[in-house]
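Peer 1: Structure in structure tokens, see below.
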Amino acid sequence: MSKSSKKNAVFLGVIAVIMIGGLGIGIAISNNAGKSSREISHDAAVTQLNNKLKRLSVNEITPRKATVEISGSNLAEELPDIGKYPMTVEGYGDINLEIISSTEKASGGTDGWLNEVAESFNESHVMINDKWATISVRPITSGAAIDYIISGKYVPELYSPSNTLWGDMIAAEGVKINLLDERLAGNTAGILISKDIYKQLDVKYDEVNINAIVEATANNEITMGYTNPYASSTGLNFLVSALEHFDSADILSEKATGAFQKFQQNVPFVAYSTLQMREAAKNGVLDAFIMEYQGYHNSPELHDYEFIPFGVRHDSPMYAISNLSTEQLNAAEEFIDYCHNAQSQALAKKYGFNYMDDYKGETWDTTGNLLASAQKLWKTEKDAGSTVMAVFIADISGSMSGAPLQNLQSSLINASQYINDSNYIGLVSYSSDVNINLPIARFDLNQRSYFTGAVEDLSPGGGTATYDAVLVALDMLMKAQEQAEAESGKHVKPLLFVLSDGETNEGNSLHEIKDIIAGVHVPCYTIGYNANLDALQELSAINEAASINADNDDVIYNLKSLFNAQM
């Protein structure tokens with residue numbers, strides 16, 4: 001279906017849209033800096049690729065099997081130090097309660113309502129038994145926040161996510177959690193859809209709601225996108241809403257799974273972050289996408305889009321975690337009352353909350369492990385039966401010597417456990433020359449063993465021919481894709497992952513190959529180790545992929561999130 005011309009005009013004005021439920025750890029989606037001013041055809045791109053490959057020499061390395069650790073992950077070790085998420089408000093009272101908060105109300109700017117209320121509360125000198133009660137606020141994205149709490153790596157006194165789904169997930173893990181208040185400020189999740197497409201759906205479906213939009217997507221009438229439900233409140237809400245539409249009696253049934261697969265066939269990708277989804281919409285890839293009303297309200301350039309609410313409400317509930325003392329509970333109740341006073345609620349409206357109160361929201365039973373099971377269903381079924389095929393491209397140039405390469409090796413090996421074993425994986429490395437370290441094969445235990453050995457054997461030295469390696473990996477990927485599709489008759493989803501410090505000093509330049517990458521439409525995700533991030537982001541921007549800044553303490557967690565979304 002052709003994309004609305006109005007969409008492109010609207011999104012050209014978007015410089016920054018509210019980050020709602022994205023991951024927030026060193027993730028970037030570049031603007032159009034990586035895109036060519038023109039796009040060549042697929043056949044022309046392949047011709048250019050073949051011509052460039054004739055001038056490259058490639059070494060084939062015999063892979064070695066290595067022992068694969070299958071003991072499972074250690075979430076607490078994967079998580080970065082909590083200092084990765086600095087406080088936006090620090091209280092210094094005799095009784096100080098820290099709130100881990102969702103980012104749309106605590107990260108600053110138009111997302112700073114809770115910060116302003118907390119600062120005002122602290123200045124009001126509320127006393128509990130002659131002790132000054134204050135509040136500290138630490139904004140953390142939803143998926144990361146519950147990982148800290150569930151793992152026990154960092155547990156605050158109070159927790160305020162966007163919606164109650166995350167509280168249910170924490171309770172299902174056996175963590176003591178107590179709902180103190182269902183609503184600090186009103187908000188809801190929604191689907192943004194252009195007015196032209198809204199009119200078309202209104203004619204066919206009588207009412208444009210989430211059910212109509214899900215059906216239209218499944219029928220290939222529109223193209224929509226949503227965010228990773230492991231990380232995003234709106235993404236998790238949408239996943240459960242879609243599964244409820246498919247089978248309200250059992251969202252994990254074969255009926256729901258089959259319908260979800262059909263739906264996913266017409267979803268170009270599930271965004272790693274809200275920012276990635278926004279860029280895809282800006283570039284005309286999506287007809288509809290999700291975000292919270294508060295973010296929509298604060299983005300006038302989006303108001304030519306209709307906002308369709310769905311799922312549970314996002315009213316910022318407040319929870320107590322673990323066992324709080326009587327004084328702490330009294331302080332928490334005082335702060336909740338302060339959030340509810342007329343001044344604070346008027347301020348909430350100024351920040352984009354407390355609209356659309358006529359939408360009552362869904363009231364599903366999401367207790368137990370239902371939500372975690374829905375996330376697992378999504379991870380295994382999100383590619384709608386298609387094979388995912390990826391080549392990892394590892395920088396082993398001299399500039400990667402020491403900690404950068406060691407970090408690359410350990411993070412890639414440890415994070416590989418989050419790659420589905422039905423996917424197909426290969427490995428290329430490069431310095432001045434390009435090496436094929438592991439041909440593409442299904443990522444079963446045997447291939448994972450070879451992959452581990454190949455990564456362990458990487459050794460640094462020489463120059464940096466990044467884009468020569470991208471061409472070799474692209475050729476390797478496309479040939480394997482063609483063969484797999486011919487044998488199975490099923491679509492194969494190709495991906496590239498470049499792990500590098502971003503410096504290139506030999507071989508082809510990005511300018512010389514960007515038309516090829518754009519023409520074959522293969523997303524190129526980049527992971528930077530002590531990196532020139534601008535260069536990596538420019539490469540990722542060509543086909544709306546994500547770029548990760550892999551700091552030493554959070555790279556495994558970042559790669560886990562990326563692989564959950566894409567692999």
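The values are calculated or read from the model by the stated rules, or taken from the named source; none is laboratory data. Please read these numbers as outputs of a predicted model, since none were measured by experiment. No Cβ is skipped: glycine too gets one built from the backbone with ideal geometry, and neighbour counts run over all protein chains shown. Just so you know, the surface numbers come from the protein's heavy atoms only, side chains and all, with ligands and any DNA or RNA stripped out. Shrake-Rupley method; radii C 1.70, N 1.55, O 1.52, S 1.80 Å.
Peer 1: Rounded to two decimals, what is Rg over Rh for segment 119-208 when you use alpha-carbon atoms and the Kirkwood radius? Write down the numbers at each step before the final one.
Peer 2: Details: Rg = 19.8 Å, Rh = 16.9 Å.
My calculation puts Rg/Rh at 1.17.
Peer 1: Rounding to the nearest 20 debye, state how big the charge dipole of the chain is about its Cα centre with +1 on each Lys and Arg Cβ and -1 on each Asp and Glu Cβ.
Peer 2: 1380
Peer 1: For segment 157-246, what D do you get in µm² per second when you plug the Kirkwood radius from alpha-carbon pairs into Stokes-Einstein at 20 °C and 1.002 mPa s?
Peer 2: In µm²/s, the coefficient is 141.
Peer 1: Could you tell me which of 305, 348, 137 has its Cα farthest along the dipole of the chain towards the positive end, charges placed at Cβ (Lys, Arg +1; Asp, Glu -1), taken about the Cα centre?
Peer 2: The residue sitting most towards the positive pole is 305.
Peer 1: Additional query: Apply the Karplus parameterisation 6.51 cos²θ - 1.76 cosθ + 1.60, with θ equal to phi minus 60°, to every residue of segment 205-216 and state each ³J(HN,Hα) to the nearest whole Hz, in sequence, with x for glycine and proline.
Peer 2: Once θ is set to phi - 60°, the couplings for segment 205-216 become 10, 6, 9, 9, 9, 4, 4, 5, 5, 4, 5, 5 Hz.
Peer 1: Using the Cα atoms of segment 386-483 to build a convex hull, what is its mean projected area in square nanometres?
Peer 2: Value for segment 386-483: 5.8 nm².
Peer 1: Segment 77-153: D in µm²/s via Stokes-Einstein (Kirkwood Rh, Cα pairs, 20 °C, 1.002 mPa s)?
Peer 2: 163
Peer 1: If each Cα of segment 317-474 is one equal point scatterer, what is log10 of I(q)/I(0) from the Debye formula at q = 0.09, 0.10, 0.12, 0.14 Å⁻¹?
Peer 2: Computed log10 I(q)/I(0) values: -0.62, -0.68, -0.76, -0.82.
Peer 1: How much mean residue ellipticity at 222 nm does the chain get from its helices, if each DSSP H run of length 4 or more adds -39500 (n - 2.57) and you divide by all residues, to the nearest 500 deg cm²/dmol?
Peer 2: Rounded to the nearest 500, the figure is -12000 deg cm²/dmol.
Peer 1: What is the gain in length, in nm to one decimal, between residue 457 and residue 155 on full extension, counting 0.36 nm per residue of separation less the C-alpha to C-alpha distance? Intermediate values should be presented prior to the final figure.
Peer 2: Working: separation 302, 0.36 × 302 = 108.72 nm, distance 3.90 nm.
That works out to 104.8 nm of additional length.
Peer 1: Now for a different question. At R0 = 45 Å, how high is the FRET efficiency between residue 265 and residue 503 if r is their beta carbon distance? Nearest 0.05 is fine.
Peer 2: So the FRET efficiency works out to roughly 0.70.
Peer 1: Moving on to the next point. Provide the convex hull volume over Cα atoms per residue for the chain, in Å³.
Peer 2: 147
Peer 1: Something else about it: In degrees from 0 to 90, rounded to the nearest 10, what is the angle of the helix 42-53 Cα long axis to the longest principal axis of the chain?
Peer 2: Roughly 60 degrees, rounded to the nearest 10.
Peer 1: Could you pull the Cα extents of segment 384-430 along its three principal axes, largest to smallest, in whole Å?
Peer 2: 40, 20, 11 Å, listed from the longest principal axis down.
Peer 1: Treating only the Cα positions of segment 419-567 as identical point scatterers, give the base-10 log of I(q)/I(0) from the Debye formula at each q in 0.10, 0.16, 0.19, 0.21 Å⁻¹.
Peer 2: Each listed q corresponds, in turn, to -0.34, -0.93, -1.38, -1.69.
Peer 1: Remind me, relative contact order of the chain in percent, using alpha carbon pairs under 8 angstrom and six or more residues apart?
Peer 2: 23
Peer 1: Apply the Kirkwood formula to segment 491-548: the hydrodynamic radius equals the inverse of the mean of 1/r over all pairs of different alpha-carbon atoms; give it in Å with one decimal.
Peer 2: Roughly 11.6 Å, rounded to one decimal.
Peer 1: Report, to the nearest whole %, how much of the accessible area of the chain belongs to carbon and sulfur atoms, 1.4 Å probe, protein only.
Peer 2: Of all accessible area on the chain, carbon and sulfur atoms account for 45 percent.
Peer 1: OK, next. Two decimals is fine: what is log10 I(q)/I(0) at q = 0.13, 0.17, 0.23, 0.25 Å⁻¹ for segment 437-499, from a Debye sum with one equal scatterer on every Cα and no solvent?
Peer 2: Here log10 of I(q) over I(0) equals -0.46, -0.75, -1.16, -1.23.
Peer 1: When the expected Rg is taken as 2.2 N^0.38 Å, what fraction or multiple of it is the alpha-carbon Rg of segment 284-386?
Peer 2: Relative to the rule-of-thumb radius for its length, segment 284-386 sits at 1.46.
Peer 1: A further question on this structure: With labels modelled as points extended 7 Å from the Cα through the Cβ direction, what inter-label distance (nm, one decimal) is found for residue 182 paired with residue 449?
Peer 2: Distance between label points: 5.6 nm.
Peer 1: Of 105/379; 255/490; 204/349; 153/560; 255/382, which pairs sit farther than 27 Å apart, going by alpha carbon to alpha carbon?
Peer 2: Long pairs (Cα-Cα over 27 Å): 105/379; 204/349.
Peer 1: Relative to the first principal axis of the alpha-carbon coordinates of the chain, what is the inclination of helix 403-415, with its axis defined by its Cα atoms, in degrees from 0 to 90 and to the nearest 10?
Peer 2: The helix 403-415 is inclined about 80 degrees to the chain.
Peer 1: Now a separate question. Amide H of residue 312: which non-local residues (sequence gap of 5 or more, or other chain) have their own amide H closer than 5 Å, using H built in the peptide plane?
Peer 2: For residue 312, whose amide H was placed from the backbone, the distant partners under 5 Å are 362.
Peer 1: Excluding ligands, DNA and RNA, what is the solvent-accessible area per residue of the chain at a probe of 1.4 Å, expressed in Å²?
Peer 2: Value for the chain: 38 Å² per residue.
Peer 1: Between residue 304 and residue 129, what's the calculated FRET efficiency when r is the beta-carbon distance and R0 is 41 Å? Round to 0.05.
Peer 2: It comes out at approximately 0.15.
Peer 1: Still on this structure, I have one more. Could you order the peptides 202-208, 524-530, 83-89 from most to least packed, using the average number of other C-beta atoms within 10 Å per residue?
Peer 2: Final packing ranking: 524-530, 83-89, 202-208.
Peer 1: In units of 2.2 N^0.38 Å, what is the alpha-carbon radius of gyration of segment 133-179?
Peer 2: Numbers: Rg = 10.4 Å, N = 47, 2.2 N^0.38 = 9.5 Å.
That works out to 1.09 for segment 133-179.
Peer 1: Right, next: Just order 107-117, 437-447, 422-432 by mean Cβ neighbour count inside 10 Å, highest at the front, would you?
Peer 2: Details: 107-117: 20.4, 437-447: 17.3, 422-432: 22.4.
The most tightly packed comes first, giving 422-432, 107-117, 437-447.
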